[in-house]
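Step one of this worksheet: look at the structure below.
The values are calculated or read from the model by the stated rules, or taken from the named source; none is laboratory data. Owing to the predicted nature of the structure, the values given are computational and were not obtained by experimental measurement. Neighbour counts run over all protein chains shown; Cβ positions are idealised from the backbone, glycine included. All accessible areas refer to the heavy atoms of the entire protein, side chains included, with ligands and DNA or RNA removed. Shrake-Rupley method; radii C 1.70, N 1.55, O 1.52, S 1.80 Å.
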Amino acid sequence: MTNPSILILPGDGIGPEVMAEVRKVIDWYGVKRDMVFNVTEDLVGGVAYDAHGTPLHDDTMEKAQQVDAVLLGAVGGPKYDDLDFSVKPERGLLRLRKEMDLFSNLRPAQCFDALADFSSLKRDVVAGLDIMIVRELTSGIYFGEPRGIFEEGNERVGINTQRYTESEIDRVARSAFELARRRGNKVCSMEKANVMESGILWREVVQKVHDEDYQDVELSHMYADAGAMQLCRWPKQFDVIVTDNLFGDLLSDAAAMLTGSLGMLPSASLGAPMANGRPKALYEPVHGSAPDIAGTGKANPIACVLSFAMALRYSFDHGDEATRLEDAVEKVLADGLRTADLLGEDGVNPVSTSQMGDAIVAALDASL
Ligand code: NAD
């Protein structure tokens, strides 16, 4: 059997710095757990533009379509702000998502006990929190037609269209139910069926998928505005939340920030299963290229490391090893290690990016 393959795209700014720490973790799995990955590395974003005049070369796109998982750092930076829209670094990432048809965006909101006091909510509301928001990523109001700003009478009108087909709802619902089976076995679907026809269809299709194929999973429905309130009031009532592109954009940002710093937040974007049964997949931290701290050794690599943990779980069927890695992160935090972003304004003794990576690897060692 061939080793599973990973394409690493470190990108710009702190991307290569945090990815270097993930490389240490990947190497550890090869040496200590006999889990060898075929890793290749390529360019995306501003560095790809510098080298090729495009934020994503066709060859890189082709490689991304072939591998079992893509791991991306971050793209963008002030150097590229004045580039034409068509070659901006972010276009490289959007092309990957679009051409790989990554319709299911997974954003966990997980609160490590050691960071519970870092949240803006009370400790008992967030401690132990572990929820997953599944956001539909390739359709809905960000893509629907007609769209644009038009003249109407003597004024202008801005139009965007919320549009969902049954098959688009069906596939993201399935992805949420499958996920729930690997977690707490509960799905809450959020829409605005009270005021939107697309919400009525959303609710019907999610219910149908459930009744036909996932009766073992507990399903509830909630209006998205009520869902936003419940997320702040008592987030631990949820396991998996599935919702559309727009509501998912808002709800996943809000939920993620319940748990603290941007430097802690991983994500996955999954597509349809490939011939080997694995979904097409892109894993990336939620944060950007952080040009304000790039090159200073201050970046927190945990979001990127946890993105690799998601790859272990969702692309490589190593849920046990994903848990080992998450536990290693938890241990390092419990031991008091903090990068600067986890210390607040007057924090003392932050560790550097590479010290945090080394500590995670040491905690992995200690787990054996
Ligand atoms: P950002 O996420 O890069 O940074 C926001 C703030 O969070 C900064 O103060 C930064 O120092 C801090 N931060 C982010 N990640 C951190 C980490 N791992 N450790 C410690 N601190 C961290 O967002 P921004 O400043 O709005 O954008 C900077 C650039 O990144 C822009 O060019 C933007 O377009 C791009 N961007 C890319 C992505 C992506 O690649 N997915 C996402 C968002 C923004």
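Label-to-label distance for R147 and E218 is 3.7 nm, based on points extended 7 Å past Cα in the beta-carbon direction. Fully extending the segment from L368 to A254 would add 37.4 nm, taking 0.36 nm per residue of separation and subtracting the current Cα-Cα distance. Amide H contacts under 5 Å for H221: S189, restricted to partners 5 or more places along the chain or on a different chain, H placed in the peptide plane at 1.01 Å from N. The simple spin-label model puts a point 7 Å past each Cα toward its Cβ; for R183 and D84 those points are separated by 4.2 nm. Annotation: D253 carries an accessible surface of approximately 80 Å², with a 1.4 Å probe and no ligand, DNA or RNA atoms counted.
Per the Debye formula on identical point scatterers at the alpha carbon atoms of the stretch 140-296, with no solvent, log10 I(q)/I(0) at q = 0.16 Å⁻¹ is -1.04. Distant-in-sequence amide contacts of V44, defined by a placed amide H-H separation under 5 Å and a gap of 5 or more residues or a different chain, comprise G11.
For K236, the aspartates and glutamates whose Cα falls under 15 Å of its own Cα, not counting residues fewer than eight places away in the same chain, are D113, D124, D130. Charges were assigned to the Cβ only: +1 to each Lys and Arg, -1 to each Asp and Glu. The resulting dipole of the stretch 1-96 about its Cα centre is roughly 320 debye. Summing charges over neighbours of L106, with a neighbour being any other residue whose Cβ is under 12 Å away from its Cβ, gives +2 when K and R count +1 and D and E count -1. Grouping the Cα pair distances of the stretch 237-337 into 10 Å bins from zero gives a pair-distance distribution of 13, 38, 38, 11, 0 percent in increasing distance order.
Bridging of K79 to lysines at a Cα separation below 22 Å is possible for K88, K298, once same-chain residues fewer than 8 apart are set aside. For the stretch 107-143, no residue has its backbone nitrogen under 17 Å from a point 7 Å from the Cα of N194, taken along Cα to Cβ. Distance between the 7 Å Cα→Cβ label points at K236 and D34: 4.0 nm. Think of each Lys and Arg Cβ as +1 and each Asp and Glu Cβ as -1; about the Cα centre, that makes the dipole of the chain roughly 460 debye. Rounded to the nearest whole Hz, the Karplus-based 3J(HN,Hα) values (6.51 cos²θ - 1.76 cosθ + 1.60, θ = phi - 60°) of the stretch 14-24 follow the sequence 7, x, x, 5, 6, 5, 4, 6, 5, 4, 4, with x at glycine and proline. The calculated P(r) of the chain, using every Cα pair and 20 Å bins from 0, goes 28, 59, 12, 0 in percent.
Relative contact order of the stretch 16-88, taken over Cα pairs closer than 8 Å and 6 or more residues apart, is 28 percent.
With contacts taken as Cα pairs under 8 Å and at least 6 residues apart, the stretch 130-258 reaches a relative contact order of 37 percent. Shown here: the stretch 1-154, whose C-alpha atoms stretch 67, 46, 34 Å along the first, second and third principal axes, sorted largest to smallest. Computed from phi, the 3J(HN,Hα) profile of the stretch 176-184 under the Karplus parametrisation 6.51, -1.76, 1.60 (θ = phi - 60°) reads 5, 5, 4, 4, 4, 4, 8, 10, x Hz, with x in place of Gly and Pro. Taking θ as phi - 60° and the Karplus parameters 6.51, -1.76 and 1.60, the scalar couplings of the stretch 233-244 work out to 6, 8, x, 6, 5, 9, 10, 10, 10, 10, 7, 7 Hz in sequence order, x denoting glycine and proline. For H52, H318, H287, the ranking by accessible surface with the largest value first comes to H52, H318, H287, using a 1.4 Å probe.
Structural descriptor for the chain: relative contact order 21 percent, calculated from alpha carbon pairs under 8 angstrom and at least 6 residues apart.
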